[in-house]
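Laboratory data are not the source of any read-out in this text; all were calculated from the coordinates shown. Computed from a predicted structure; not experimentally measured. Cβ: placed from backbone, ideal geometry, glycine included. Neighbour counts: every protein chain shown.
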C-alpha cells in the first residue's frame, strides 16, 4: 500500500511539473499574465507538498499536519484567485471574438457595397454612354434602307461609321476605368505614376511618389487592388483633407509590398472616425481580400498617415 501511494504521489508530482511548464509558456502569450502566475505559484506549492509527502512516506522527514494544512490552504487560495482571473480572461477573449465577428460583417458589407457601386457605375456608363450611340447606329441603318439616292446613302453610312467609332471609343473608356490600360501593359508603378500625373495636372497639390519597383509584375488581383487603394487614398485627400502635399512610398522588400502614404491636410480624430465618408471600409476590405494589413492614423490639424502591407512572395510574375 505504501509503494502504491508513493507511485501515485510521483505521478502527481510529474503532472504538476508538466502543468507548471505549460503555464510558463502561456504567461507570454496572453494578456492576463497574473492568471498564469497565480496558477504557477499554486502548482509549485502543491508540488512542494507532494514532495514533502514523499519524503514523509520514505521516513526521511517528519512533517507536521499544521504545516501541510497551511501550505495546502495557501495553494488553494492561489489557484482559486487564478481561476477567477481566468474567468476574466475568457470574457476578454469572448469580447475580442465578438469584435472580430463585427469587423468581419462590416468588411463583408463594405465589399458588397463596393461591388454594387461598381455594378451601378458600370451599368450607368453603359446606359448613358453606349446606349444612345447604339440606338443612333440602329436608326441610321434603318434609314439606310429608305434612302432615295447614293448621296443620301453615303451620308447615312458616314454618320453610322462615326457613331460606331464613338461607341468603340466609349467602350475603351469604360474598359480603362474598370482596369487602366497602362496598368495592364506596364505594371503597378507606371499605372500609379500615370494616375498621379493626371491628378497633378488638375489639382494644385504637390504629389511625391517614390518606389523601387522597375519591371516587377504581380498577380492581376494584387496590382488592381493596390492601384485602387492608392487612387482611393489620393481621392480622399483631395476631397476631404484640404492638403497641399501628398507623399507616397511604394516598396518591394523581401516578398512584401509596402505602401506608406501621408498628407499634410486637416487630419481627423481617430476616436471619432468610423468611416467619415472617406471609404475607409472600402480600402480595408480591398486589402483584406489579399490577406494584407491596413493601418491608418490621423491627428486633427496634422494630416494623416496610412500603411498597407501585402505579401506578394508567391504571386509575382
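Quote the FRET efficiency, to the nearest 0.05, computed for residue 197 versus residue 217 with a Förster distance R0 of 22 Å and r equal to the Cβ-Cβ distance.
Plugging the Cβ-Cβ distance into 1/(1 + (r/R0)^6) gives 0.60.
Please quote Rg/Rh for region 149-250 to two decimal places, taking the Kirkwood radius as Rh and restricting both calculations to Cα atoms.
On the way: Rg = 19.4 Å, Rh = 16.2 Å.
Here the Rg-to-Rh quotient is 1.20.
Would you work out if region 181-311 is rounded, prolate or oblate? Take a ≥ b ≥ c from the square roots of the eigenvalues of the alpha-carbon gyration tensor; rounded if a/c is under 1.5, else prolate when a/b is larger than b/c, oblate otherwise.
Details: a/c = 1.88, a/b = 1.32, b/c = 1.42.
Oblate, since a/c reaches 1.5 and b/c is not below a/b.
Alpha carbon centre of region 290-311 versus region 186-223: separation in Å?
18
Packing-wise, with mean Cβ within 10 Å as the measure, how do 185-191, 97-103, 156-162 rank, highest first? Intermediate values should be presented prior to the final figure.
Numbers: 185-191: 17.7, 97-103: 10.4, 156-162: 14.9.
Going by the mean number of other Cβ atoms within 10 Å, highest first, we get 185-191, 156-162, 97-103.
Note down the nm distance, to one decimal, between modelled labels 7 Å out along Cα→Cβ at residue 266 and at residue 182.
Using points 7 Å along Cα→Cβ, the separation is 3.0 nm.
So how do 240, 203 line up by other beta-carbon neighbours within 10 Å, fewest first?
203, 240
Work out, step by step, the length gained on full extension between residue 48 and residue 208: first 0.36 nm times the residue separation, then minus their alpha carbon distance; give nm to one decimal.
Here the segment from residue 48 to residue 208 would lengthen by 50.9 nm.
For residue 239 paired with residue 293, estimate the spin-label separation in nm (one decimal), with each label point 7 Å from Cα along the Cα-to-Cβ line.
Result for the modelled spin labels: 2.8 nm.
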